[in-house]
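The values are calculated or read from the model by the stated rules, or taken from the named source; none is laboratory data. This is a predicted model, so every value here is computed, not measured. All Cβ positions, glycine included, derive from the backbone under ideal geometry; neighbour counts span all protein chains shown. Areas reflect the complete protein model, heavy atoms only, side chains present, ligands, DNA and RNA absent. Shrake-Rupley method; radii C 1.70, N 1.55, O 1.52, S 1.80 Å.
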Amino acid sequence: MTPLTLTADRAGERADQLLARLLPELTRSAAQRLLEDGRVTCGGHPVKKNYKTAPGDVLTVSLPDPAPIDVLPQNIPLDVVFEDGDVIVVNKPVGMVVHPAAGHPDGTLVNALLYHCGKSLSGINGSLRPGIVHRIDRDTSGLIIAAKNDFAHLSLAEQLQDHSLYREYAAVCVGTMREDSGTVSAPIARHPADRKRMAIDRLHGRAAVTHYTVLERFPGHTYLQCRLETGRTHQIRVHLASLGRPLLGDVVYGAHKPYPGLAGQCLHARRLTFTHPRTGNLTTVECPLPGWFQAVLTKLGRMV
């Protein structure tokens, strides 16, 4: 496998932290194993995990040959919006989980991509798998991008890190937004009492920024465009709930009863813009609002 080259952009950051930050698919423990195995060098010399980086340090990472993961390819239909030899963008339906996990061992987007992409997969983290560089919730629909090789994976991961990968969502919240636009900047961390929830935590949370614009107001509800500057778990859901404007249908952060006609929260990832890893061209991919979302808008009073 071709070695990856990473350039440190912060002073005093531990090498294992740098690897885990710039390679999102790489866990902290996996980064430490690479360092312990001598697979990370700087200036030709092995790097220890507690090495403190200096801006401009160039680290060469030699990943192990990818091993097959214990996830079976499944012939699950995919709504492919964009695809070439480096990246694939899929319009994920509501109800589909991105990664296999407890309670969802199969039927996931990863299972579908393993079948669809065949041997054209990213090997980041030493596993043969589609290079999923960001996620969306099971009950959120819309665009998600995956890398087909390590070159593309690293490029997309860097774009996520420097906030140049544009992600736009359509959302309906409960309540009326008074301002036509605004920004929520509030750090997010795991909820201290409920590990399935996230919460604003200004002491221990990771920086999180969401920009929103009002598209239309209805009695008791607001149709919004939301843009992510960062990508924390449940970010839009937590940020809007913190304003007292939870997403319609969000039974975790809003009303405890589902909204009739909705399988989850009223949230759809409808636009992505990224710099193509191979060509360098700015690429925008869009998908229309799904039928269930349009039905909600009609029910709230939107004229067809």
(message) Just to be sure I understand: with springs between alpha-carbon atoms less than 10 Å apart, which residue in L23, L282, L143 has the highest mean-square fluctuation in the Gaussian network model of the chain?
(response) L282
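To the nearest 20 Debye, how big is the dipole of segment 205-304 about its Cα centre, given +1 on the beta carbon of each Lys and Arg and -1 on that of each Asp and Glu? Working shown, then result.
Values: 12 positive and 4 negative charges, 14 e Å.
With Lys and Arg at +1 and Asp and Glu at -1, about 60 debye.
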(message) For a bin width of 20 Å, list the pair-distance distribution of the chain built from all Cα-Cα distances, rounded to whole %.
(response) 31, 57, 12, 0
(request) Per residue of segment 88-102, in order, report the coupling 6.51 cos²θ - 1.76 cosθ + 1.60 (Karplus, θ = phi - 60°) as ³J(HN,Hα) in whole Hz, putting x for Gly and Pro. (result) 9, 10, 10, 8, 6, x, 4, x, 8, 7, 6, 10, x, 7, 4
(message) What's the magnitude of the charge dipole for the chain around its Cα centre, counting Lys and Arg as +1 and Asp and Glu as -1 at the beta-carbon? Answer in Debye, nearest 20.
(response) 820
(request) Treating only the Cβ atoms of Lys and Arg (+1) and Asp and Glu (-1) as charged, compute the dipole magnitude of segment 176-236 about its Cα centre; round to the nearest 20 debye. (result) 340
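In what sequence, largest accessible area first, do I200, I144 appear using a 1.4 Å probe? Don't skip to the end; give the middle numbers.
Numbers: I200 60, I144 5 Å².
Putting I200, I144 in descending order of accessible area: I200, I144.
Which of the DSSP-defined H helices in the chain satisfy a minimum axial length of 24 Å, computed from C-alpha atoms, and a minimum mean Kyte-Doolittle hydropathy of 0.5? If you can, show how the numbers build up before the last one.
Details: long enough: none.
Once both thresholds are applied, nothing remains.
Taking R0 as 35 Å, what's the FRET efficiency between E179 and A207 from their Cβ-Cβ distance, rounded to 0.05?
On the way: r = 22 Å, r/R0 = 0.63.
With a Förster radius of 35 Å, E is 0.95.
Full extension from Q225 to A295: what is 0.36 nm times the residue separation minus their Cα-Cα distance, to one decimal in nm? Don't jump to the answer; show the numbers that get you there.
On the way: separation 70, 0.36 × 70 = 25.20 nm, distance 1.73 nm.
Net length gain for the segment: 23.5 nm.
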(request) Label segment 95-233 by shape, choosing from rounded, prolate and oblate, from the square roots a ≥ b ≥ c of the eigenvalues of the Cα gyration tensor; if a/c is under 1.5 it is rounded, and otherwise prolate applies when a/b is larger than b/c, oblate when it is not. (result) prolate
(message) On a straight-distance basis, which aspartates and glutamates could pair with K299 in a cross-link, Cα separation under 15 angstrom, same-chain partners fewer than 8 positions away excluded?
(response) E216
(request) Starting from the amide H of F218, placed 1.01 Å from N in the peptide plane, find each other amide H under 5 Å away whose residue is 5 or more places distant or on another chain. (result) Y223
(message) Set the bar at 23 Å for Cα to Cα. Now go through K52/K148; K92/K148; K49/K148 and name every pair that lies beyond it.
(response) K52/K148; K49/K148
(request) Report the full-extension gain for the segment H99 to D194: residue separation times 0.36 nm, less the Cα-Cα distance, to one decimal in nm. (result) 32.1 nm
(message) Show log10 I(q)/I(0) for segment 197-304 at q = 0.12, 0.14, 0.18, 0.23 Å⁻¹, two decimals, from a solvent-free Debye sum over equal Cα scatterers.
(response) -0.50, -0.67, -1.01, -1.39
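Gain in length, N50 to T273, computed as 0.36 nm per residue apart minus the alpha-carbon separation, to one decimal in nm?
Values: separation 223, 0.36 × 223 = 80.28 nm, distance 3.58 nm.
The N50-T273 span can extend by a further 76.7 nm.
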